[in-house]
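Here is the structure we will look at.
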Amino acid sequence: MNKRKLRRTFDEVFKKRATSFFEKFAKVETEYELHRLPRKLDVLVIESDKPIGKHLDLMNYFKEFNIIEFKSENDRFGRSYIYKLLYYISALYLRKKKGITLSLISMYKPETFIKEFKFISVKKGLYKITIPNMIEMHLIIVSELEETAVKELDFLSIFMNRKNRKKIIRDVIKEGRNEDLKDIFLLYKEEIQSILEEMGTNMTAIEERVWELAEEFGIREKSIQEGREQERLLARKQIEKTQNLVSIREKRAEHKSKLRTAIKMKRAGFTLDFISEMTEIQEVYLKRFFKKNLQL
């Protein structure tokens, strides 16, 4: 899967999981019209007539209108990113939205970004900066969150970084949590395959269900097909390489044979243009060749 498609997959899985979590106590939108300009927020918006912090642990700073943007391990933060977010916020204030919060959720810790914009640590996994007279911007680093420490891990846990998520994936498999299974299959196919291989043949009924799910998603068959296709591709490349070598050898042998014929014709007194015509070797080449190799 190419990087752009993978980023899109991460975004869609995140939005689906977050929507399922937040819609229990708030209105959720995955796109939001900013103003009369043809511009939408391609982020998650959680809206409620009153603050909803009591339903949350990590995000208990939530108010009536809350924006979330997610960054997978394939995305990167940059200076222009902050300006884009400020554009979002300005447009929302133009719509007279009050009680706005902004949360950036990242699978990895963007050290340079945090240092450059002077984020301060609020608690483990949560940072913030205050933009005077506008808003507090919160940054959540999923890989820093302790397992089961906050309610939000219901939807965030599978977005741990690669180092930390192996245990999460194994727990999901062992517990047979179907919705989580579907999401991790979409995001971490190769990692799941590796974990299943480690489990070997001593699989429980739940682990067997994982294989069934793999087949349901076409992942197992797809992997087999990809393996076969890779083998065919390698075999084809090897054949082409061999054919190219054979072809080169044949061309060299044919060229040497023509040169031997050219030498015989030259010694027999034939003209250069006639030899060229008969051997299909250019006159210029023959002239240099004879000068170098024949003492006639």
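What to note about this one:
- Qualifying residue in the range 142-154 (condition: surrounded by 15 or more Cβ atoms within 10 Å (Cβ to Cβ) and either more than 29 Å from LYS182 (Cβ to Cβ) or touching a strand residue (DSSP E or B) at 6+ places or on another chain (Cβ under 7 Å) (or both)): yes
- For ALA91, the conditions (1) at positive phi; (2) of a type in the set (Gly, Ala, Ser); (3) in contact with a Leu (Cβ under 6 Å, 6 or more places away or on another chain) all hold with the exception of (1).
- Residue pairs whose Cβ atoms lie under 7 Å apart, separated by 6 or more positions or on different chains, with the first residue in the range 9-27 and without any contact (Cβ under 8 Å) to a residue 60 or more places away in the chain and the second part of a helix (DSSP H, G or I) and open to solvent by 20 Å² or more (accessible area, probe 1.4 Å), are PHE25/HIS55.
- Positions within the range 57-95 being in contact with a helix residue (DSSP H, G or I) (Cβ under 7 Å, 6 or more places away or on another chain), without any contact (Cβ under 8 Å) to a residue 40 or more places away in the chain and of a type in the set (S, T, N, Q), in sequence order: ASN60
- Failed criterion for PRO51 (all others in (1) in contact (Cβ under 8 Å) with a residue 24 or more places away in the chain; (2) assigned to a loop (DSSP other than H, G, I, E, B); (3) touching a helix residue (DSSP H, G or I) at 6+ places or on another chain (Cβ under 9 Å) hold): (3)
- Among the residues of the range 246-289, the ones that are among the aromatic types (Phe, Trp, Tyr) and modelled with pLDDT under 85 come to 2 in all.
- Residue, surrounded by the most Cβ atoms within 10 Å (Cβ to Cβ), within the range 172-191, restricted to residues that are within 14 Å of ARG162 (Cβ to Cβ) and modelled with pLDDT under 80: LYS189
- Qualifying positions in the range 121-141 - open to solvent by 30 Å² or more (accessible area, probe 1.4 Å) and either touching a Pro at 6+ places or on another chain (Cβ under 9 Å) or not β-branched (Val, Ile, Thr) (or both): SER121, LYS123, LYS124, LYS128, PRO132, ASN133, MET134, GLU136
- Taking the range 100-186 as the region of interest, the helices (runs of 4 or more DSSP H) fully inside it that hold 1 or more residues being closer than 16 Å to LEU56 by Cα and out of contact with any Lys or Arg (no Cβ under 6 Å at 6 or more places or on another chain) are 153-156.
- Which listed residue, of GLN243, GLN295, GLN238, is polar (S, T, N, Q), closer than 30 Å to LYS189 by Cβ and either assigned to a helix (DSSP H, G or I) or modelled with pLDDT under 85 (or both): GLN238
- Test: residue in the range 100-111 that is farther than 21 Å from ARG7 by Cβ and open to solvent by less than 80 Å² (accessible area, probe 1.4 Å): yes
- If the condition is being touching a residue at least 60 places away in the same chain (Cβ under 8 Å) and closer than 26 Å to ILE46 by Cα, then the range 157-173 contributes ILE158, PHE159, ASN161.
The values are calculated or read from the model by the stated rules, or taken from the named source; none is laboratory data. Everything numeric here is computed off the predicted structure, so don't read it as measured data. Heads up, the Cβs are rebuilt from the backbone with ideal geometry, glycines too, and the neighbour counts pull from every protein chain shown. Please note that ligands, DNA and RNA were not included when accessible areas were found on the heavy atoms of the full protein model with its side chains. Shrake-Rupley method; radii C 1.70, N 1.55, O 1.52, S 1.80 Å.
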